[in-house]
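First up is the structure itself, then whatever we jot down about it.
The values are calculated or read from the model by the stated rules, or taken from the named source; none is laboratory data. All values derive from a computational prediction rather than experimental measurement. Here Cβ is always computed from backbone atoms with ideal geometry, including for glycine, and neighbour counts include all displayed protein chains. Areas reflect the complete protein model, heavy atoms only, side chains present, ligands, DNA and RNA absent. Shrake-Rupley method; radii C 1.70, N 1.55, O 1.52, S 1.80 Å.
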Amino acid sequence: VQAVAATAAAKADYAFDVEIDTAELNWRAQFDPGASPRLRLVSPRREALENNQRRAFDRMAENFEGVSWCASEHMGRVADVRLVREDETSAVYAFQPTSESIRGEQARQFANRLRGEMTMDKAARDVTRVRLYTPESFSPFPLVRVDRANILIICATAPNGRRFAAETVSEFRGSALGQDFDERSVQRQRNLRET
């Protein structure tokens, strides 16, 4: 709760670079809170994208809110927070994600299937790492099975001294309509700068 309050008090708008890498795509974009559109694709050129990729980027750009703070107000809405282990410098807490604590619309629907873990830096009173995962297989929709979902957020310090999601690695494995899937994506936010 202190970390969320400290981040909210120090919140700042930054321009930054965004990188998204999956098996199918490698996007490089720039976010500028004062520009329109705020998220602009640098590479490949937007015109070079296939229609479905262009729609996916446009949808992402429309919902892109800027810097993802590790101790965001979303983290203040998790439930059942309990200390798992600690040492002199850090503490690890387990928590139960709630639909109010999750940003993704689809993921909200199965928040109760997820578990979470966050690592806190005791001196900075800030989150350094967040992991969301599924402890067991489940079927979110008919003919879809998720065997494994693992989202790891590595936090770095922004110019304002608070930590942001510098790298998010998402892995999903399961099957849909009889086809197996094993997807991995990496999203990075870097080069934060004041505008």
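Among the residues making up the stretch 131-151, a single one is open to solvent by less than 40 Å² (accessible area, probe 1.4 Å) and under 19 Å from Ser90 (Cβ atoms): Leu132. Ala61 meets the conditions (1) assigned to a helix (DSSP H, G or I); (2) open to solvent by 30 Å² or more (accessible area, probe 1.4 Å) in every case but one. The failed one is (2). Going through (1) farther than 28 Å from Pro140 by Cα; (2) in a strand (DSSP E or B); (3) not charged (D, E, K, R) one by one, Val67 falls short only on (2).
Based on this model, can you work out whether Glu105 counts as at pLDDT 95 or above and under 20 Å from the mean Cα position of the chain (by Cα)?
no
Can you find, within the stretch 16-47, the residue that is nearest to Glu167 (Cα to Cα) among those that are in a strand (DSSP E or B) and small (Gly, Ala, Ser)? Out of the qualifying residues, it is Ala29.
Conditions (1) within 18 Å of Cys155 (Cα to Cα); (2) free of Cβ contacts under 8 Å to residues at least 12 places away in the same chain, marked per residue:
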{"residue": "Ala3", "(1), (2)": "yes, no"}
{"residue": "Ala6", "(1), (2)": "yes, no"}
{"residue": "Tyr14", "(1), (2)": "yes, no"}
{"residue": "Glu19", "(1), (2)": "yes, no"}
{"residue": "Ser36", "(1), (2)": "no, yes"}
{"residue": "Leu41", "(1), (2)": "no, no"}
{"residue": "Met60", "(1), (2)": "no, no"}
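Quick one: count up the residues across the stretch 1-55 that are open to solvent by less than 60 Å² (accessible area, probe 1.4 Å), under 20 Å from Ser185 (Cα atoms) and touching a strand residue (DSSP E or B) at 6+ places or on another chain (Cβ under 6 Å). So the answer is 13.
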